[in-house]
Amino acid sequence: MRALGVQAYVVPATDAHMSEYISSRDARLGWLTGFTGSAGTGVVTQDKAALWTDSRYWTQAERQLDCNWELQRTTSIESIRMWILEVVPVGGNISLDPFLFSIDTWNSYRQALQGSGRILFPIETNLVDQVWGDQRPAAASSEIYSLPEEFTGSSWQEKVTRIRQEMEQHVRHPTAVLLSGLEETAWLFNLRGNDIPYNPVFYSYTLLTNTSISLFVGERRLAAAARSSLRAGCPGPLCVELQEYEQAPDHLRQYVQGNVTVWLGTEYTTYGLYSLIPQEKLLADRYSPVMLAKAVKNTREQDLLRAAHVRAVPVPAAPRRGGGSGCQCPLTDDQVRDAVAVIQYLLWLEKTVPRGEVNEFSGAQRMDALRQAQEHSCGPSFQSISASGLNAALAHYSPSNGSSRQLSVDEMYLADTGGQYLDGTTDITRTVHWGMPTPLQKEAYTRVLMGNIDLSRLVFPPNTAGRVIESFARRPLWEVGLNYGHGTGHGIGNFLSVHEWPVGFQSNNVPLTAGMFTSIEPGYYQDGEFGIRIEDVALVVEAQTEHQSGEKPFLTFEVVSLVPYDRNLIDISLLSPEQIRYLNTYYESIRARVGQELQRQQLQEEYDWLHRSTEPFPLGRATATTATSSMGVLALPMLLSALLPGLQS
């Protein structure tokens, strides 16, 4: 920093593709600070250093940072600006790597420092990498392979043709689409890799023009079948020209010399690439057309993702691939899926926890092993969150072998886990208690469940943004002054990322459309005591309504996660009759769809457990207490009508 005249250096927690999860080679912030959370920003000056992160990671950061670091309990750039202005004198340079910051983030820093007398100074040579030196992990080298045809929604040629049609129909007629998000290229070409833990993606860029296709990837890493597929249309408009990953910036710089217009999504494009394109040749939207197309699953993709949660649709056996993908190839037509693995785990916990034989880490290992044994399994979709007692109050806590709490019948236990399968990605959270929960624990759990049910059964107009209806999941908690500090849900991919943008309930998500998959996961966290989260994956579908007021039908959710909730934690007196009916119908579906598979696999003990856990709840148990809940259900349309004025924007 002194050699370059830099007074402050900003270090993000992401990579050159704005990935949520990153490889060890890109974990610059973690190496520099010791903080291993997935979200954060570090700023280093000559004599100070500070880390900014959100509420999910405050306790974790306190434990992991040493005395060199100040913890700032926010992620706002305004807070970073104020801190920088205090420690950097007027005329000082604030530097960062432009290939590690999104366009929006770069502009936010530029605007924040405008008029302050400090200069935002990009340096393409990453200073952390220079200090890291030879100790930095090596670049990925595992094989990149084609997804078997039976696990794809359509061919890559069909996808390319569709995107080119969108280019032609756009009012500005862009000549090219630039793809920087790793999921975008993987989805477009039906390719998968193993470059980032838990995510079957690979480092790449794509420049798709109206007459050519350039894929920037380590060509030698492509499996023979993948290379053959990409090159089958050569020469011609469906011929994929393979170039080395590092050549993407130079190729883009050369391409924009012509009479062209480049279409990109700002959420996944770095300022480093963006700055290479003259403004008059740029078409920038928040999300690229590929990202939006990927978010809406076609009928085949919907069937595949449903199958990952229960049973796979019958498919021919796929050939085994090399390259360490970790996938188990199918052996039979009928497949045991995610619901069976989770039920096996919950039963195992019931038997072993009272004997004092399980801790958080061994529990997570057991869950991962049960999934890995299933057909089509390619490992977990994220690091399992296995949290007991006070650790469950940390929304994204993950245990380690060195520090792991013993599971106890006297404490609540939260398991947020997921799997990668050739036919889809799963994510499910269940919270349980094997002993006597406190009144607060039972009420909080029930209200979290009520929020899950209310959002899952909601019927809403087409083109509704998730943020408009997100509060329905919070309403039962709000009624008694409780809340949670994380989002209510996120999109989920088809054997891709477990957190798939731009679907979800946040302000920067796109309106919900039939064919989108999202999680629904309200929670409650009592700091230092316990944590609760109930998460299901749901498909947005057309609702069957008595009337239709517009050209498009209303929408609702179809829950595809099929694992029962903990009866020991449900206070049925708080549930409305509508909520009980929904719960009983959901349990009937679990029995019908999962019970048969358990019997086929001769898992009799699990089958008996399932039947005990899905006994219908009697409507007669709903007491006068449900009057408030019923009023709340009736108030849902009133609340929606109050929120809908902002829907059109």
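The values are calculated or read from the model by the stated rules, or taken from the named source; none is laboratory data. Note that the structure is predicted; figures quoted are calculated from it, not measured. Neighbour counts are summed over all protein chains in view; Cβ atoms, including those assigned to glycine, are modelled from backbone coordinates with ideal geometry. Side chains are part of the model used for accessible areas, which takes the heavy atoms of the whole protein and leaves out ligands, DNA and RNA. Shrake-Rupley method; radii C 1.70, N 1.55, O 1.52, S 1.80 Å.
May I ask you to say which residue of Leu440, Leu449, Leu455, Leu477 is more than 30 Å from Pro148 (Cα to Cα), among the hydrophobic types (A, V, I, L, M, F, W, C) and surrounded by fewer than 19 Cβ atoms within 10 Å (Cβ to Cβ)?
On the way: Leu449 fails: surrounded by fewer than 19 Cβ atoms within 10 Å (Cβ to Cβ); Leu455 fails: surrounded by fewer than 19 Cβ atoms within 10 Å (Cβ to Cβ); Leu477 fails: surrounded by fewer than 19 Cβ atoms within 10 Å (Cβ to Cβ).
Answer to the selection: Leu440.
Quick grid of which residues meet (1) in a loop (DSSP other than H, G, I, E, B); (2) open to solvent by less than 30 Å² (accessible area, probe 1.4 Å); (3) among the aliphatic types (A, V, I, L, M):
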position	(1), (2), (3)
Leu539	no, yes, yes
Glu546	yes, no, no
Ser549	yes, no, no
Ser561	yes, yes, no
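Is there a residue being polar (S, T, N, Q) and in a helix (DSSP H, G or I) anywhere in region 20-40? Spell out the reasoning first.
If we filter region 20-40 for residues that are polar (S, T, N, Q), which is where we start, we get 23-24, 33, 36, 38.
When the remaining residues are screened for being in a helix (DSSP H, G or I), the result is 24, 33.
Checking region 20-40: at least one residue is polar (S, T, N, Q) and in a helix (DSSP H, G or I).
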query: Does Gln72 fit the bill of being modelled with pLDDT under 95, among the polar types (S, T, N, Q) and closer than 22 Å to Thr36 by Cβ?
result: no
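With respect to Thr464, determine if the residue is over 23 Å from Thr59 (Cα atoms), buried (at least 24 other Cβ atoms within 10 Å of the Cβ), touching a strand residue (DSSP E or B) at 6+ places or on another chain (Cβ under 7 Å) and of a type in the set (Val, Ile, Thr). Show your work before the answer.
On the way: over 23 Å from Thr59 (Cα atoms): yes; buried (at least 24 other Cβ atoms within 10 Å of the Cβ): no; touching a strand residue (DSSP E or B) at 6+ places or on another chain (Cβ under 7 Å): yes; of a type in the set (Val, Ile, Thr): yes.
For Thr464, the condition - over 23 Å from Thr59 (Cα atoms), buried (at least 24 other Cβ atoms within 10 Å of the Cβ), touching a strand residue (DSSP E or B) at 6+ places or on another chain (Cβ under 7 Å) and of a type in the set (Val, Ile, Thr) - is not met.
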statement: Pairs returned, first residue in region 3-30 that is closer than 15 Å to Asn194 by Cβ, second residue that is outside any loop (DSSP other than H, G, I, E, B) and of a type in the set (Val, Ile, Thr), beta-carbon separation under 6 angstrom, 6 or more apart or interchain, are Tyr21/Ile196; Ser23/Ile196
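I want to confirm something. Restricting to region 287-296 and keeping residues that are in a loop (DSSP other than H, G, I, E, B) and open to solvent by 10 Å² or more (accessible area, probe 1.4 Å), which single residue is farthest from Gly491 (Cα to Cα)?
Filtering region 287-296 down to residues in a loop (DSSP other than H, G, I, E, B) leaves 287-288, 296.
Those still in the list that are open to solvent by 10 Å² or more (accessible area, probe 1.4 Å) too: 287, 296.
Working: Tyr287: 14, Val296: 10 Å.
Filtering region 287-296 for residues that are in a loop (DSSP other than H, G, I, E, B) and open to solvent by 10 Å² or more (accessible area, probe 1.4 Å), the one farthest from Gly491 (Cα to Cα) comes out as Tyr287.
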field: Among residues of region 480-516, those that are in contact with a Leu (Cβ under 9 Å, 6 or more places away or on another chain), crowded, with 24+ Cβ neighbours inside 10 Å, within 16 Å of Thr429 (Cα to Cα) and not small (Gly, Ala, Ser), counted
entry: 2
message: Please go through (1) assigned to a loop (DSSP other than H, G, I, E, B); (2) under 30 Å from Val256 (Cβ atoms) for Leu178 and return the number of the only condition it doesn't satisfy.
response: (1)
- request: Might you let me know whether region 166-185 holds any residue that is surrounded by fewer than 21 Cβ atoms within 10 Å (Cβ to Cβ) and in contact with a Gly (Cβ under 8 Å, 6 or more places away or on another chain)?
  value: no
statement: Of the conditions (1) of a type in the set (S, T, N, Q); (2) in contact with a Ser or Thr (Cβ under 8 Å, 6 or more places away or on another chain); (3) surrounded by fewer than 23 Cβ atoms within 10 Å (Cβ to Cβ), the single one that Ser204 does not satisfy is (3)
Failed item in (1) without any contact (Cβ under 8 Å) to a residue 24 or more places away in the chain; (2) within 25 Å of the chain's Cα centre (by Cα), with Cys234 passing the rest: (2)
